[in-house]
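I have placed the structure first, in the form of C-alpha cells, so that the comments after it can refer back to it.
The values are calculated or read from the model by the stated rules, or taken from the named source; none is laboratory data. For clarity, every value in this text was computed on a predicted model and none was experimentally measured. Cβ atoms come from the backbone with ideal geometry, glycine included; neighbour counts cover every protein chain shown.
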Amino acid sequence: MLADKASASSALFLYFCPSMWAICKKEFRQFFSNLTGYITIILFLLLNGLMLFVFSNFNILDYGYATLENFFNLAPFILLLLIPAVTMRLLPDEWRSGTMETLFTRPLTAPQIVLGKYFASLLVVVIALLPTLTYLFTMKAMAADGTALDMGGIIGSYIGLLFLCAAFTAIGLCCSVYTTNPVVAFLLSAFFCFVLYSGFTALSQLFGAGIDYAIEMLGMDFHYRSLSKGVIDSRDVIYFLSIISFTLFLTVQHISRKK
C-alpha cells in the first residue's frame, strides 16, 4: 500500500515538476527582463515606507507603540494594487501574441501551464515582501528598553499575509485568462480581490446579530485577522486553500476549453 502511494506521488511529481518549472523560470525571468518588474516592486516598497513612516493614519512613528500592527493593516490594500500589476500580463499577452497556441502544440497540459505561471508570479510577490522584514528590525531598534515585540502575532500576521498573497495571485491569474487586455485584467483582479477581502465585512454591517458574523466569515479579512492573532486555525487555512484551488481550477478549465 505504501509502495503504491509512493509510486503515485513520484508519478505526480514527474508529471508536474519539469514542465511546470520550465514555465515558472521563463515567466520569472521575463518579469525581471525589463525595468517594469523592478519599478513595480520599488513602488510597492516606497508606498509602504511613505505610508508607515512619513504620513497617513498608519504612521508607525506617531503610533507610540513598538508594533507592526499598522503595517499588517495597510499591506493588504497595497497588495490589491501590486498583485494585479504582477499578474495582469501573464495570460493576456499569450492570447494577444498568439504564443498560447504555440504552448498548446507542445507536450504541456493546462494544469502545468497554469501552475507554472502561478508559482512564478507568487515568487515575485514573496520577493517583494521580503524587504518588509526590515520593519521588524526597525521596531526592535526603536522600542524602549525592556519592551518586547509580540513575535507570535508578527509571525502569524506574516503567515496570514502569505496566504493572502497566494489567494490574490490565484484570483489575478484567473481574471487574466478571460481577456486579452492587460488593463482590463488589472481592473478585474483588483476589483474581485477588494470585494473578497473587505466586501463581506462591509456587507455584514447591514445585518443584525448572528447573520452578520456568518457573512463576515465569507471574507478574506476575517480569516486574515484571525491568523494575525498568532494562532494558526485549520479553518482559516482551509478557507484560503479553497479559494486558491477554486480560482486555479476555473483558470485550468478555461484554458482546457480553448485548447
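Here is how the numbers come out for the structure above:
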| quantity | calculated |
| --- | --- |
| Residue that is nearest to residue 165 (Cα to Cα) [pool: residues in the range 200-211 that are crowded, with 16+ Cβ neighbours inside 10 Å and in contact with a Leu (Cβ under 9 Å, 6 or more places away or on another chain)] | 200 |
| Hey, residue 176 crowded, with 19+ Cβ neighbours inside 10 Å, farther than 21 Å from residue 75 by Cα and either out of contact with any Phe, Trp or Tyr (no Cβ under 7 Å at 6 or more places or on another chain) or not aliphatic (A, V, I, L, M) (or both) or not | yes |
| Residue that is nearest to residue 102 (Cα to Cα), among those in the range 131-162 that are at pLDDT 90 or above and aliphatic (A, V, I, L, M) | 162 |
| Which numbered condition residue 67 misses (of (1) in contact with a helix residue (DSSP H, G or I) (Cβ under 6 Å, 6 or more places away or on another chain); (2) of a type outside the set (Gly, Ala, Ser); (3) farther than 25 Å from residue 180 by Cα) | (1) |
| Only listed residue being touching a Pro at 6+ places or on another chain (Cβ under 7 Å), within 27 Å of residue 85 (Cβ to Cβ), surrounded by 15 or more Cβ atoms within 10 Å (Cβ to Cβ) and at pLDDT 80 or above, chosen from 170, 185 | 185 |
| Residue, farthest from the chain's Cα centre (by Cα), within the range 72-96, restricted to residues that are at pLDDT below 85 and farther than 16 Å from residue 31 by Cβ | 96 |
| Test: residue in the range 97-108 that is acidic (Asp, Glu), modelled with pLDDT under 80, within 24 Å of residue 249 (Cα to Cα) and surrounded by fewer than 16 Cβ atoms within 10 Å (Cβ to Cβ) | yes |
| Hits in the range 18-56 (condition: hydroxyl-bearing (Ser, Thr, Tyr), within 19 Å of residue 85 (Cα to Cα) and in contact (Cβ under 8 Å) with a residue 40 or more places away in the chain) | 40 |
| Restricting the range 33-52 to residues that are β-branched (Val, Ile, Thr) and surrounded by fewer than 16 Cβ atoms within 10 Å (Cβ to Cβ), the residue that is farthest from residue 133 (Cα to Cα) | 36 |
| Which listed residue, of 107, 131, is touching a residue at least 12 places away in the same chain (Cβ under 8 Å) and under 16 Å from residue 22 (Cα atoms) | 107 |
